[in-house]
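**Q** After the structure tokens below, expect a handful of questions from me.
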Amino acid sequence: MSANEREQSTRAVIPQRFGPYGGRYVPETLIAALDELTAAWEEARDDPAFDARQDALRRDFIGRPTPLYLAERLSERVGSQVYLKREDLAHTGAHKINNALGQTLLAQRMGKPRIIAETGAGQHGVATATACALLGLECVVYMGTEDIRRQAPNVERMRLLGAEVAPVEAGARTLKEAVSAAIRDWVANVETTHYVIGSAVGPAPYPALVRDLQRVIGEEARAQALAAAGALPRRVIACVGGGSNAIGIFAPFVEDAEVALVGVEAGGDGIESGRHGASLGAGQTGVLHGSLSSVLADEDGQILEAHSVSAGLDYPGSGPEHAHLRDTGRARYFSVTDEQALQALRELARLEGIIPALESSHAIAWLLENPLEGDGFDVLCLSGRGDKDLAEYVRRVGESR
Amino acid sequence: MSAQADGAGRIATAFAAAKAEGRAALMPYMMAGYPDRDSGLAVARAYVDAGADLIELGIPFSDPLADGPTIHAADTQALAAGATLRTALETCEAIAERIPVVLMVYVNMVLAHGGAEQFARLARAAGAAGAIVPDLPLGEDESVREAFDAAGLAMVPLLAPTTSAPRRAEICKVARGFVYLVSTVGTTGERAEVPAALAALAATAKADAGETPVAVGFGIGTAAQAAEVGKIADGVIIGSRLVRAAGEGATPAESADAVAEFLAEARVSLAG
């Protein structure tokens, strides 16, 4: 399939479903806004002026393309070649800015002056606050108070950027409740407000919209791999919470049947402990935040709390497209524990001089345990940098020695 | 009467009886198992005794996206107090012979336990006449409605102020029992005033709904507001105000007294 055909096939229609998953399980009040958003995205993505503006800002503001970096000492340690897709080098320190910039540009085009977002690790909140500052939009970010504690530097960043950080006290006071609070705000203010959801979750068209905006990760990585190594990677590896960095890097490789796609979920204290965030590996089919996917729930259908050392993976659901990729066998999903992720963070810092986010450390941890056999190389999405996690790292591991 | 018509038939009878008295039907909402199991049961009985025509019975859920702070907090507390689907069904069973009960249940609970067919069977066995699924809008609802129809459980759809005219007509066409008109753009919760645009909204809904009654909910928190809405709709749903009253009681009897006092006033006001 040529690049042009690949582009065509993704642009045909914005899907509401991925296999049986997806849909729009939201209050009736939001349906009109979801229709409006779908129409706006269909129009914007085919508008060369929108593309040109987004491309220029991706280059000059975000700093794209991010490098595909051959991590030599890590490769030596693993025993096979590993390239890191350096989303940690994107402005604001994670892949989240790709989506935040695209959605705020879209909101501006739709004439919505007010932006709301949820955040877990704070990376999406910072990215959205940054994009809103750039475009002069009002910004409110919902954040659980437990995450506010774990991710204090990002809270200060958002405030400095002019955003209001709205604390959420409900439930376990983490990402799930922050998403719920943002959706409630949206239900009440839908006429003036655009909700910039931070992952490939939520009601249609969000999972497809977020994938389309994050797809740039995989498009770049694929071209960079071909340029650097003259071949496609054997495996593409990414961490999965809601799954936006993973779906972004997977999407352009889905048609490349020879490339294995590997998602790594939060194993928390271990799957058998029941305290984890592995909704694809150990969940059940259900509805969370507007879409049917694989979720952590009890027999009555009550959504369970997830557990992860990484705030960005501390979420009891995953994007519907991941559930479909899992069912079809096109992607495989594994998990690593908090402990393994913390060790991997340290290992990458010492081997490469790169402090990865705890989220991305899950992907590193899986790679360390599962070296590639035979020829070829891996591409791993280093979705964000770990500065925000230092306090949590020290709290869990002790001094950083 | 066929099993299929049962739930919708009971709901229709209740609306018709209120209409025969020249007033809108009064439909108080309550949260099963809130503030605890026994208080929930006491509240349900108090609703019947205080002159409710139908009861909307909320099943506590972990992530109630359509609900504002009062009902969300009640969900959380009911679950913390040990409420399950079973608690809600027992509450339904305790009153269903005396009054039509319409469950308010989020879709994930409908799909759990072996799916919509099984949920509908359990609900019917507990005597429920219908169910409102606030996060199952038109377009996602077909298979669940078929399952509910097969069991004789009326699936009551919601209309919002943001619903387009063609969509409104379609929703009214598939309505079973009644149409639930959301008064305002937002989540559940008390509000200072009835929105000015509501009368026009209710009129268009009634025109599309034809014979099917239209009940208005969200934001109705005083007897005067209930009376105002009763003039333009076939039914009035009162939720957060009563949940707040139920939560203020320290014992089941106190909760029951608190809701009964408010409801009696609303009932008089509707008849006026």
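The values are calculated or read from the model by the stated rules, or taken from the named source; none is laboratory data. As the structure is a computational prediction, the values presented were derived from the model and not from experiment. Glycine also receives a Cβ, built like all others from the backbone with ideal geometry; neighbour counts cover every protein chain displayed. Ligands, DNA and RNA are excluded from the accessible area calculation, which covers all protein heavy atoms including side chains. Shrake-Rupley method; radii C 1.70, N 1.55, O 1.52, S 1.80 Å.
**Q** When the residues of the stretch B:57-69 are narrowed to those that are over 15 Å from residue A:180 (Cα atoms) and not in a loop (DSSP other than H, G, I, E, B), which ends up nearest to the other protein chains (Cβ to nearest Cβ)?
**A** Restricting attention to the stretch B:57-69, the residues satisfying the condition of being over 15 Å from residue A:180 (Cα atoms) are B:57-60.
Still in the running and not in a loop (DSSP other than H, G, I, E, B): B:57-58.
On the way: B:57: 16, B:58: 14 Å.
That would be B:58.
Quick grid of which residues meet (1) within 11 Å of another protein chain (Cβ to nearest Cβ); (2) part of a strand (DSSP E or B); (3) more than 15 Å from the chain's Cα centre (by Cα):
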residue	(1), (2), (3)
B:79	yes, no, yes
B:82	no, no, yes
B:98	no, no, yes
B:102	no, yes, no
B:119	yes, no, yes
B:148	no, no, yes
B:155	no, yes, no
B:173	no, no, yes
B:187	yes, no, no
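**Q** Filtering the stretch A:357-395 down to residues that are assigned to a helix (DSSP H, G or I) and of a type in the set (Lys, Arg), which residue is least open to solvent (accessible area, probe 1.4 Å)?
**A** Quick first cut of the stretch A:357-395, residues assigned to a helix (DSSP H, G or I) only: A:358-369, A:387-395.
Applying the additional criterion that residues be of a type in the set (Lys, Arg) yields A:388, A:395.
Numbers: A:388: 10, A:395: 142 Å².
Ranking the qualifying residues of the stretch A:357-395, first place goes to A:388.
**Q** Could you give every pair whose Cβ atoms fall below 6 Å, whose first residue belongs to the stretch A:169-190 and is more than 10 Å from chain B (Cβ to nearest Cβ), and whose second residue is part of a loop (DSSP other than H, G, I, E, B) and open to solvent by 20 Å² or more (accessible area, probe 1.4 Å), counting only separations of at least 6 or pairs across chains?
**A** A:172/A:305
**Q** Might you let me know whether the stretch B:75-85 holds any residue that is closer than 28 Å to residue B:49 by Cα, acidic (Asp, Glu) and crowded, with 21+ Cβ neighbours inside 10 Å?
**A** The answer is yes; a qualifying residue exists.
**Q** Then there's this: Return the residues of the stretch A:191-207 that are crowded, with 24+ Cβ neighbours inside 10 Å and either touching a Phe, Trp or Tyr at 6+ places or on another chain (Cβ under 9 Å) or within 14 Å of chain B (Cβ to nearest Cβ) (or both); say none if nothing qualifies.
**A** Quick first cut of the stretch A:191-207, residues crowded, with 24+ Cβ neighbours inside 10 Å only: A:194-204, A:206-207.
Those that are crowded, with 24+ Cβ neighbours inside 10 Å and either touching a Phe, Trp or Tyr at 6+ places or on another chain (Cβ under 9 Å) or within 14 Å of chain B (Cβ to nearest Cβ) (or both): A:194, A:195, A:197, A:199, A:200, A:201, A:202, A:203, A:204, A:206, A:207.
**Q** Still on this model: Can you name every residue in the stretch B:143-154 that is out of contact with any strand residue (DSSP E or B) (no Cβ under 6 Å at 6 or more places or on another chain) and free of Cβ contacts under 8 Å to residues at least 60 places away in the same chain?
**A** B:143, B:144, B:146, B:147
**Q** Can I ask one more? So which residues in the stretch B:104-116 are more than 7 Å from chain A (Cβ to nearest Cβ) and in contact with a Leu (Cβ under 9 Å, 6 or more places away or on another chain)? Even if it seems obvious, please write down each step before you answer.
**A** Start the filter on the stretch B:104-116 by keeping residues that are more than 7 Å from chain A (Cβ to nearest Cβ), which leaves B:104-106, B:110, B:114-116.
Those that are more than 7 Å from chain A (Cβ to nearest Cβ) and in contact with a Leu (Cβ under 9 Å, 6 or more places away or on another chain): B:104, B:105, B:106, B:110.
**Q** Go through (1) over 30 Å from residue B:146 (Cα atoms); (2) within 14 Å of chain A (Cβ to nearest Cβ); (3) within 17 Å of the chain's Cα centre (by Cα) one by one and return the number of the condition residue B:221 breaks.
**A** Here residue B:221 clears every test but (2).
**Q** Here is a list of conditions, (1) within 30 Å of residue A:225 (Cβ to Cβ); (2) within 14 Å of chain B (Cβ to nearest Cβ); (3) of a type in the set (A, V, I, L, M, F, W, C), and residue A:106 meets all of them except one; can you say which number that is?
**A** Residue A:106 satisfies every listed condition except (2).
**Q** Of the conditions (1) free of Cβ contacts under 8 Å to residues at least 60 places away in the same chain; (2) crowded, with 24+ Cβ neighbours inside 10 Å; (3) within 21 Å of residue B:248 (Cβ to Cβ); (4) more than 15 Å from the chain's Cα centre (by Cα), residue B:55 satisfies every one except a single condition; which number is it?
**A** Among (1) free of Cβ contacts under 8 Å to residues at least 60 places away in the same chain; (2) crowded, with 24+ Cβ neighbours inside 10 Å; (3) within 21 Å of residue B:248 (Cβ to Cβ); (4) more than 15 Å from the chain's Cα centre (by Cα), residue B:55 violates only (4).
**Q** Which ranges mark the helices (runs of 4 or more DSSP H) fully within the stretch A:170-288 that have 1 or more residues being in contact with a His (Cβ under 7 Å, 6 or more places away or on another chain) and at pLDDT below 95? Lay out the reasoning, then the answer.
**A** Numbers: elements: A:175-189, A:206-229, A:244-250, A:279-282.
Output list reads A:175-189.
**Q** Could you check how many residues of the stretch A:56-107 are open to solvent by less than 30 Å² (accessible area, probe 1.4 Å) and at positive phi?
**A** Total meeting the criteria: 2.
**Q** What's the number of the only condition in (1) open to solvent by 10 Å² or more (accessible area, probe 1.4 Å); (2) under 19 Å from the mean Cα position of the chain (by Cα); (3) free of Cβ contacts under 8 Å to residues at least 60 places away in the same chain that residue B:182 fails to meet?
**A** Of the numbered conditions (1) open to solvent by 10 Å² or more (accessible area, probe 1.4 Å); (2) under 19 Å from the mean Cα position of the chain (by Cα); (3) free of Cβ contacts under 8 Å to residues at least 60 places away in the same chain, the odd one out for residue B:182 is (1).
**Q** Just to be sure I understand the filter: pairs with C-beta atoms under 8 Å, separated by 6 or more residues or on different chains, first member in the stretch B:121-142 and on the phi < 0 side of the Ramachandran plot and surrounded by 21 or more Cβ atoms within 10 Å (Cβ to Cβ), second member among the β-branched types (Val, Ile, Thr) and assigned to a loop (DSSP other than H, G, I, E, B). Which pairs pass?
**A** B:131/B:105; B:132/B:105; B:133/B:105; B:135/A:26; B:137/A:26
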